[in-house]
Each structure stands twice: as structure tokens, then as C-alpha cells.
Amino acid sequence: MSDFLTRIMELKKAEVEEAKQNVGEISLRVASGARTDYRSFYNALKEEGVNVIAEIKRASPSKGDIQPDLVPAQMAALYQEGAAAAVSVLTEKNFFKGSLDDLRSARAACNLPVLRKDFIFDSYQLYEASAAGADAVLLIARILDKELLSDLLAQAHALCIDALVEIHNEDDLDKIQGLGAKIVGINNRDLKTFDTDLDIALKLARNLEPEQIAVAASGIFTRDDIDKYLPEVCCFLVGESIVRAESPSGFLRELNGR
């Protein structure tokens, strides 16, 4: 792991332990079990044409502050207006300045499925996500061994929420083989160096199973960027360029052609 990943995982582990002391897992299980309002993230990405997962993102380790005063509910409403397929919400607080409250308010402001994007390594975080209303969670292959990734995928399925499994290279691709991942996010950005190569998603997508949905992420700023992937990849996770856009809804319509 890079220094960034090492540091963020150290902080995340401490954060999860503190959360467990404040909110017991049993109460989260009860809240999760009471849900009846699921929105299918998977089905949203199966729609014909370009499907954009629009991200709510205040900051990042590589760019610093992007939109520190962002209001999640307002952005989620604009994303729905711009015909986004789904919403991604950064809930990591130290580097991305997000929270589960951001997820709750964003989901309440739209009818789109909502992804919790965070550094998830513990079953507690899945109960936490479900109880907060998440319809899907991000699972990063690089920070999970195969057994844990398999367990978390099974737990997400049991909770009736989808999982976006993120890979970046062939080692990650090998790791997810046989685990039943239905949605595979291919990050063009190397989390070790933060270098971005737009060819990575296209190359790895060609090695996925026919029933798997590929989602290209990082480095996508224009419709021309999207056109480079079609028709092999039709789903895209876009954050910074939408958040910075003068008209997020208008920019989304330009990206997805709707």
C-alpha cells in the first residue's frame, strides 16, 4: 500500500472501533432489517445508453478542496434532474470530508439509488451503510484479501444491497474471479501513485465476464472521454468534473446524451 492507503486505513480502523462503541452493531442490524425502500443500483446500470454515477465529493487527497461548501441534498436533486443513473456519496471524513449524514440527506432528496463510497473492510460498515439507507457499497479489491472480499460480498447480498467491486490491475482482476461480483468498477487511477491512465478501464473491461457490468472511474471529464469507451463500457463514475461544473445537471445531460 502507498503511504496514503496505509494512513487512511489506520484512521479508518480507529474510526470504526470508535463507532462500534457509540452505536452497537445490533441496533444497526435492526435498522437494516426494517428497510423496505431498496433501490436497485444494479438495474440502474443496466439501462440502455450511457449511465453516469454522479459523485458527491467535497475534497480528495490528490486535489485538496474541490467544493468544500457542497450541499449534498441540492447536488442529489440536480443529479436527478440531469438524468444521472445513480449517486455516489463519499462518506470518508479525513481526506474526502464526507459523512453518512451526507448520504442520508442526498438519498432523501432524490429517487436514485445511492452508493456509499468509502474504505470498507469490516462487516460493521455494511450494517452501518444499510442502516443509513445506502443501496450499494464500494468494496476495493486492493485493500481486501480474497476471503474477506468474498465474505463482504455475501453479506451485502444478504442485506439486499449491491456492491461495486473496484479493481485497478490484473492482480485485482484475478482476486475477484469466482466471487460473483456483478458490478466491477475499474479505477483508472493508481491509488499508490495517483497517476491516471484512461486505457486501463478499457483494457480490463475486455476481460470481464459477459454478465458483469463494467464501470469506468477517474479521469473522465468530457463526453469525448466517454466516447472512447463505447460500446465496450457504458457506465461511468464521475465526480470532480460534475462537482466543479457551473451547471451540474446540464453537464450531466451533456455527458450522458439525455
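The values are calculated or read from the model by the stated rules, or taken from the named source; none is laboratory data. This is a predicted model, so every value here is computed, not measured. No Cβ is skipped: glycine too gets one built from the backbone with ideal geometry, and neighbour counts run over all protein chains shown.
Pull up segment 216-233, narrow it to residues that are hydrophobic (A, V, I, L, M, F, W, C) and surrounded by fewer than 23 Cβ atoms within 10 Å (Cβ to Cβ), then point me to the one that is farthest from the chain's Cα centre (by Cα). Explain how you work it out, then say what you get.
Of segment 216-233, the ones hydrophobic (A, V, I, L, M, F, W, C) are 216-217, 220-221, 226, 230, 233.
Those left that are additionally surrounded by fewer than 23 Cβ atoms within 10 Å (Cβ to Cβ): 221, 226, 230, 233.
On the way: Phe221: 17, Ile226: 18, Leu230: 21, Val233: 17 Å.
Going through the qualifying residues, I end up with Leu230.
Out of the residues in segment 63-103 that are hydroxyl-bearing (Ser, Thr, Tyr) and part of a loop (DSSP other than H, G, I, E, B), which is surrounded by the fewest Cβ atoms within 10 Å (Cβ to Cβ)?
Quick first cut of segment 63-103, residues hydroxyl-bearing (Ser, Thr, Tyr) only: 79, 88, 91, 99.
Now drop any that are not part of a loop (DSSP other than H, G, I, E, B), which leaves 91, 99.
Numbers: Thr91: 26, Ser99: 17.
Per the stated criteria, the residue is Ser99.
How do the helices (runs of 4 or more DSSP H) wholly within segment 203-258 filter down when requiring 3 or more residues that are closer than 19 Å to Ala44 by Cβ and at pLDDT 95 or above: which remain?
Working: elements: 223-227, 240-244, 248-256.
Result: 248-256.
Report, by residue number, each residue of segment 134-166 that is assigned to a helix (DSSP H, G or I) and either in contact with a strand residue (DSSP E or B) (Cβ under 8 Å, 6 or more places away or on another chain) or within 19 Å of Ala86 (Cβ to Cβ) (or both). Give the derivation first.
Our first condition is that a residue be assigned to a helix (DSSP H, G or I); within segment 134-166, this holds for 141-143, 146-158.
Across segment 134-166, the qualifying residues are Ala141, Arg142, Leu149, Leu152, Leu153, Ala156, His157.
Answer yes or no as to whether Arg39 is touching a strand residue (DSSP E or B) at 6+ places or on another chain (Cβ under 9 Å) and assigned to a loop (DSSP other than H, G, I, E, B). It would help to see each step written out before you state the result.
Working: touching a strand residue (DSSP E or B) at 6+ places or on another chain (Cβ under 9 Å): yes; assigned to a loop (DSSP other than H, G, I, E, B): yes.
Here the answer is yes, as Arg39 does meet what is asked.
Between residues in segment 150-168 that are of a type in the set (S, T, N, Q) and residues that are assigned to a helix (DSSP H, G or I) and modelled with pLDDT under 95, which pairs lie under 9 Å by C-beta distance while being six or more apart or on different chains?
So the pair list comes out empty.
Which count do you get for residues in segment 240-258 that are within 16 Å of the chain's Cα centre (by Cα) and either over 17 Å from Ser218 (Cα atoms) or surrounded by 23 or more Cβ atoms within 10 Å (Cβ to Cβ) (or both)?
Of the residues in segment 240-258, 1 are within 16 Å of the chain's Cα centre (by Cα) and either over 17 Å from Ser218 (Cα atoms) or surrounded by 23 or more Cβ atoms within 10 Å (Cβ to Cβ) (or both).
Is it true that some residue in segment 162-172 is at pLDDT 95 or above and under 24 Å from Ala245 (Cα atoms)?
no
Checking the structure you have, find out if any residue of segment 184-194 is in contact (Cβ under 8 Å) with a residue 12 or more places away in the chain, farther than 20 Å from Leu255 by Cα and hydroxyl-bearing (Ser, Thr, Tyr).
Yes; the residues of segment 184-194 include at least one that is in contact (Cβ under 8 Å) with a residue 12 or more places away in the chain, farther than 20 Å from Leu255 by Cα and hydroxyl-bearing (Ser, Thr, Tyr).
Any chance you could count how many residues in segment 32-62 are closer than 20 Å to Ala131 by Cα, crowded, with 16+ Cβ neighbours inside 10 Å and among the aliphatic types (A, V, I, L, M)?
1
Scan segment 195-206 for residues that are in contact with a Gly (Cβ under 7 Å, 6 or more places away or on another chain) and either free of Cβ contacts under 8 Å to residues at least 12 places away in the same chain or of a type in the set (A, V, I, L, M) (or both) and jot them down. So that I can check it myself, show each step before the final result.
Filtering segment 195-206 down to residues in contact with a Gly (Cβ under 7 Å, 6 or more places away or on another chain) leaves 196, 198.
Within segment 195-206, just Leu198 meets the criteria.
If I ask for residues that are surrounded by fewer than 22 Cβ atoms within 10 Å (Cβ to Cβ) and touching a Ser or Thr at 6+ places or on another chain (Cβ under 8 Å), which ones from segment 139-158 would you list?
Asp151, Gln155
Could you grab me the full set of residues in segment 1-19 that are touching a residue at least 40 places away in the same chain (Cβ under 8 Å), exposed (fewer than 14 other Cβ atoms within 10 Å of the Cβ) and part of a helix (DSSP H, G or I)?
Lys13
Among Lys117, Lys46, Lys57, which is among the basic types (Lys, Arg) and touching a helix residue (DSSP H, G or I) at 6+ places or on another chain (Cβ under 8 Å)? Spell out how you get there, then give the answer.
Values: Lys117 fails: touching a helix residue (DSSP H, G or I) at 6+ places or on another chain (Cβ under 8 Å); Lys46 fails: touching a helix residue (DSSP H, G or I) at 6+ places or on another chain (Cβ under 8 Å).
Only one candidate passes the filter, namely Lys57.
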